[in-house]
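Mind having a look at this structure? Questions to follow.
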Amino acid sequence: MAFFTIFVAPGLSEADNRRALSFGPSFVSSRRRDHREMLVAAGFSKVEALDLTHEFRETQQAWLDGRERYARELVAADGQAAFNERQAEGRRQLAGIEAGLLRRALFVCS
Amino acid sequence: MSKRQDAEKRFRERYAARATEATLIIEREVIGANVGANGYTTVAQADLLAERLQLRPDALLLDIGCGRGWPGLYIAEKTGCRVVLSDVPVAALRAAKRTAGSRNLAGRAVAVRASGTHLPFPADSFDAITHTDAL
């Protein structure tokens, strides 16, 4: 199995953990357990992780910049409310990444 | 509305939205190609995923939360493997099937409506599993 996942940075205080969940994409949840630990507990071995948080930040910033540049066209197609919601969600995630609360990694395990 | 229901509603709406010239340009700039992506997996990262999965041409891959088929269909095209695409939004699965047809992958790609938390497959059905920010 190989997969990318966005997750709450390990070792956060309760308050930061809650902040991370509020910043993260809607599907991000936290059992406050390290991914590697969870994979091993599920029977996987040879777990490798490659941190891609820097790339995650760049991609999120690129989505935000791109949508801002084409704001007029996107608003015309989807409406102002949808555009604002999408941009606000992106900015929240970016803030979470920059605050060290959200990470993204490639996990490979067998 | 629960967080999960809210997420499903949002994804349904996004996948139902029509691609425009602007969305295609932005996607090319961010992801590196027009592949129906709206997440964070770039073409370079999909290449890395394909490399790390080490799939043989006859292997069967499960892509959980496949959206419009990115990157499962790309990996199938690149490696020659077969792929089962699973996700909840029907609009996304329809788009994935259209893409599979347009890339001559229809015979090697199947779309199944299923949540990643309740997969309808027996154990050991697949040679490899992937998902990209779905779980």
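Restricting to the stretch B:14-24, count the residues that are assigned to a helix (DSSP H, G or I) and surrounded by 14 or more Cβ atoms within 10 Å (Cβ to Cβ). Before the answer, list the steps.
The first filter runs over the stretch B:14-24 and keeps only residues assigned to a helix (DSSP H, G or I), leaving B:14-16, B:21-24.
Now drop any that are not surrounded by 14 or more Cβ atoms within 10 Å (Cβ to Cβ), which leaves B:14-15, B:22-23.
Total meeting the criteria: 4.
A follow-up question, please. Picking from A:67, A:103, A:86, A:57, which residue would you name as being facing chain B (nearest Cβ under 8 Å) and buried (at least 17 other Cβ atoms within 10 Å of the Cβ)?
Details: A:103 fails: facing chain B (nearest Cβ under 8 Å); A:86 fails: facing chain B (nearest Cβ under 8 Å); A:57 fails: facing chain B (nearest Cβ under 8 Å).
The conditions single out A:67.
Could you check, for the stretch A:52-61, whether at least one of its residues is hydroxyl-bearing (Ser, Thr, Tyr) and either under 20 Å from residue B:71 (Cβ atoms) or modelled with pLDDT of 95 or more (or both)?
Narrowing the stretch A:52-61 to residues hydroxyl-bearing (Ser, Thr, Tyr): A:53, A:59.
Keeping just the survivors that are either under 20 Å from residue B:71 (Cβ atoms) or modelled with pLDDT of 95 or more (or both) gives A:53, A:59.
There is at least one residue in the stretch A:52-61 that is hydroxyl-bearing (Ser, Thr, Tyr) and either under 20 Å from residue B:71 (Cβ atoms) or modelled with pLDDT of 95 or more (or both).
Let me ask something else. Taking the condition of a type in the set (Asp, Glu) and out of contact with any strand residue (DSSP E or B) (no Cβ under 9 Å at 6 or more places or on another chain), does residue B:124 pass? Give the steps one after another, and end with the answer.
On the way: of a type in the set (Asp, Glu): yes; out of contact with any strand residue (DSSP E or B) (no Cβ under 9 Å at 6 or more places or on another chain): yes.
Against the criterion (of a type in the set (Asp, Glu) and out of contact with any strand residue (DSSP E or B) (no Cβ under 9 Å at 6 or more places or on another chain)), residue B:124 qualifies.
Another question, if that's okay. How about the stretch B:5-42: which of its residues are closer than 15 Å to residue B:73 by Cβ, among the β-branched types (Val, Ile, Thr) and out of contact with any strand residue (DSSP E or B) (no Cβ under 9 Å at 6 or more places or on another chain)?
Correct list: B:31, B:35.
So the check is Cβ under 7 Å with 6+ separation or different chains; which pairs have a first residue in the stretch B:13-29 that's in contact (Cβ under 8 Å) with a residue 24 or more places away in the chain and a second one that's in a helix (DSSP H, G or I)?
Partner pairs satisfying both residue conditions: B:15/B:91; B:15/B:92; B:15/B:95; B:16/B:91.
Report, by residue number, each residue of the stretch A:82-91 that is out of contact with any Asp or Glu (no Cβ under 8 Å at 6 or more places or on another chain) and among the small types (Gly, Ala, Ser).
A:88, A:90
Results for (1) within 20 Å of residue B:47 (Cα to Cα); (2) of a type in the set (Ser, Thr, Tyr); (3) at pLDDT 90 or above; (4) under 12 Å from the mean Cα position of the chain (by Cα), shown as yes or no for each residue.
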position: A:1; (1), (2), (3), (4): yes, no, yes, no
position: A:23; (1), (2), (3), (4): no, no, no, yes
position: A:36; (1), (2), (3), (4): no, no, no, no
position: A:39; (1), (2), (3), (4): no, no, yes, no
position: A:44; (1), (2), (3), (4): no, no, yes, no
position: A:67; (1), (2), (3), (4): no, no, yes, no
position: A:70; (1), (2), (3), (4): no, yes, yes, no
position: A:77; (1), (2), (3), (4): no, no, yes, no
position: A:95; (1), (2), (3), (4): no, no, yes, yes
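Taking only pairs six or more apart or across chains, which ones have beta-carbon atoms under 6 Å, a first residue in the stretch A:1-23 that is facing chain B (nearest Cβ under 9 Å) and touching a residue at least 12 places away in the same chain (Cβ under 8 Å), and a second residue that is buried (at least 19 other Cβ atoms within 10 Å of the Cβ) and assigned to a helix (DSSP H, G or I)?
Taking only residues 6 or more apart or on different chains, the pairs are A:2/B:49; A:2/B:53.
For the stretch B:1-24, name all the residues that are modelled with pLDDT under 90, more than 7 Å from chain A (Cβ to nearest Cβ) and within 28 Å of residue A:70 (Cα to Cα).
Within the stretch B:1-24, B:8, B:9, B:11, B:12, B:13, B:14, B:15, B:16, B:18, B:19 qualify.
Report, by residue number, each residue of the stretch A:25-34 that is exposed (fewer than 13 other Cβ atoms within 10 Å of the Cβ) and at pLDDT 65 or above.
Selection gives A:32, A:33.
The values are calculated or read from the model by the stated rules, or taken from the named source; none is laboratory data. These numbers were taken from a predicted model, which means no experiment stands behind them. No Cβ is skipped: glycine too gets one built from the backbone with ideal geometry, and neighbour counts run over all protein chains shown.
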